[in-house]
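Notes for the one structure printed next.
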Amino acid sequence: MRYIRKGLDRGKSMQDYQLRQREYLLQISRAMTSKLDLPSVLRLILENAAEMLQGHGGLIALRQDDDNFRVRASYGLPRQILPLFSPLLDDIPHLTGRAHLSRWQIPDLQIKLGIVAAAAGMALRQVVALPLVIEEELIGVIYVFRTSGTAFSVNDRQVLSSFADQAAIAVRNASLYQQVSAEKGRLDAIIEHSADGVMILDCQGRITVFNRALADMTGWRPEDAMGRPCHEVLQLRNRRGEDICRSDCPLRGLSPGADLYVEGDIERAGGAVVSVGITYSPLYDEEDRLINIIANVYDITRFREAEEIKSTFISVISHELKTPVSIIKGYADTLRREDAQWDEETVREGLAIIEEESDRLDRLISDLLDASRAQAGSLKLEMGDDAHIPKLTQRVVEGFRLQTDIHQFELDFPPDFPPVIADQERLRQVLSNLVNNAIKYSPEGGKIRLGGYADRDKVTVYVADEGIGIPLDEQSRLFQRFYRLDSGLRRRTQGMGLGLYLCRAIVEAHGGRIWVESAPGQGSTFYFTLPRQ
Ligand code: ADP
């Protein structure tokens, strides 16, 4: 009687066990397929497989791109001994069709476990290994170990095998998700680190991506720009200052398969204007519905400036060079007329003007050549070791004294002003340009003071006038090539806008610095420094 009862009990507990296994299987399948993070999917699979089979440890090895297997998750085994389990991953047979699956087994697995367990110092006695298969492709192997001697039964294998089918799907999904996430991360990084500005708009023109380069260009923080309509962030203006986006939104001109290029100016928070070129590339779905617009934004301020310089250059050159040439030609034509008799005085005056204008032409051409050398970085200096700036200034001033009687010159150098190592001829050019400007831009006359002082490591020289002065926002641009301030005087004074550019090039080639302090109507003081060594 007792015996029968015991047999019944054992039958019942076996049923219970199998029922529990099935319930487990259902729960786990749900949990597995709802997770997409590969490490936690693997951990979940392994913990449940071990628990279901009353195992004490386990491993999941996944197939790598190079077809080798690598342990990607473990259960109940100390991390540091995992390398010892590598023999279990050797000789894993590949699958050749579904039929093969039932006969799939790793050769000598039980023997290998004995070796591994001895090396790891663990009492692992039994092992079961089942393949993770998707569409007849082996993607990994799941191992469960027992420390007790009870071998894994056929039922255990069956349970693990149906579980393995579900697990393989979860692993494949999580792996794909991982790949897609990595790909997205890579694309995000490419966009974020692109040297050009990039923004991605949704179909309504709202900003969904705004990269770092664009943030630098526009002064907008990405978090502030995100979600706003793009015309609020990039208020594109045309050359006349009209808001292009408000009057005629460029995005209305988009059509499938065609990019759109627009140029305009945007104003940064501080008021600085940046010229940009934007290429809008629309993305459509299969039904030709607009999904996104990718906008590449290029800073074209420098190109615009270069274009402006080019056109200024042409107009300045044609004006400045043609004037002396036509004066020379006029006088030469007049003097050589055969029907006229010129007295000696008229001839001398005419020749003097021809000589003066030829000198002016010569200076203009030299300035142009110097400017192109400076631009190419090949302005040569011939350094001597005892340039005496007070004496040099004295000589320059003597030359100019004769040209004006409404300006008074004052020199103020301390008697111990030290000699410097410099190219004297080039220094003379700097001083001449500054004095020439001081005269030109103080048409009412006044004092022109020249002086200097020395520090331990440098000397500073200044030229100060009482002329029309220069507004603060124009002061840094004076030293650019061909830049002439649009003052009332511009048309009345000769000049190519090269004098200060050359002064800066020469001073900087000496290792010094040049700057101006000025205010409109208050005169200007130009300073430059030269290192003493
Ligand atoms: P240019 O005199 O040939 O125009 P420069 O390069 O010497 O060219 O000077 C650039 C511009 O800087 C001038 O056109 C003028 O507007 C301004 N400038 C230079 N020196 C003075 C000065 N001493 N006072 C006022 N404006 C000046």
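Side notes on the structure shown:
- About its Cα centre, the dipole of region 245-337 is roughly 980 debye, where the only charges are +1 on Lys and Arg Cβ and -1 on Asp and Glu Cβ.
- Across the alpha-carbon atoms of region 309-459, the computed radius of gyration and Dmax are 19.8, 69 angstrom.
- Where trypsin sites (Lys or Arg not before Pro) fall in DSSP loop in region 293-402, at most 14 other Cβ within 10 Å: ARG336, ARG337, LYS380
- Environment charge of VAL435, counting only residues whose C-beta is closer than 13 Å and scoring Lys/Arg +1, Asp/Glu -1: +3
- Taking every Cα-Cα distance in the chain and sorting them into 10 Å bins from zero, the calculated P(r) comes out as 3, 12, 14, 11, 11, 10, 8, 8, 8, 7, 4, 2, 1, 0, 0, 0 percent.
- Taking 0.36 nm per residue of sequence separation and removing the Cα-Cα distance, the ASP66/ASP416 pair yields an extension gain of 118.0 nm.
- Under 14 Å, Cβ to Cβ, from LEU260 - net charge with Lys/Arg +1 and Asp/Glu -1: -2
- FRET efficiency estimate (nearest 0.05) - Cβ-Cβ, HIS231 to ASP455, R0 41 angstrom: 0.15
- Exposure rule at most 14 other beta-carbon atoms within 10 Å, DSSP loop GluC sites (Glu not before Pro): the chain longest free segment: 1-134
- Surface exposure of the chain, expressed per residue as accessible area with a 1.4 Å probe, stands at 58 Å².
- Of the trypsin sites (Lys or Arg not before Pro) found in region 96-157, those that fall in a DSSP loop while having at most 10 other beta-carbon atoms within 10 Å are ARG103.
- Fully extended contour minus Cα-Cα distance, from GLN394 to ASN238, at 0.36 nm per residue: 51.0 nm
- Accessible surface of the chain [probe 1.4 Å, protein heavy atoms]: carbon and sulfur percent: 50
- Crossing angle, helix 109-120 versus the chain [Cα axis fit, 0-90 degrees, rounded to tens]: 60
- Kirkwood hydrodynamic radius (C-alpha pairs) into Stokes-Einstein, region 30-151, 4 °C and 1.567 mPa s, D in µm²/s: 87
- Lysine pairs in the chain with Cα atoms under 27 Å, if 8 or more residues apart or on separate chains: 12
- Area accessible to solvent at TYR261, 1.4 Å probe radius, in Å²: 120
- At q = 0.17, 0.26 Å⁻¹, base-10 log of I(q)/I(0) for region 321-368 (Debye sum, equal scatterers on each alpha carbon): -0.51, -0.91
The values are calculated or read from the model by the stated rules, or taken from the named source; none is laboratory data. Source: prediction; values computed, not measured. Counting neighbours? That spans all protein chains shown, and the Cβs are built from the backbone with ideal geometry, glycine included. Keep in mind that these areas ignore ligands, DNA and RNA; they rest on the heavy atoms of the full protein, side chains included. Shrake-Rupley method; radii C 1.70, N 1.55, O 1.52, S 1.80 Å.
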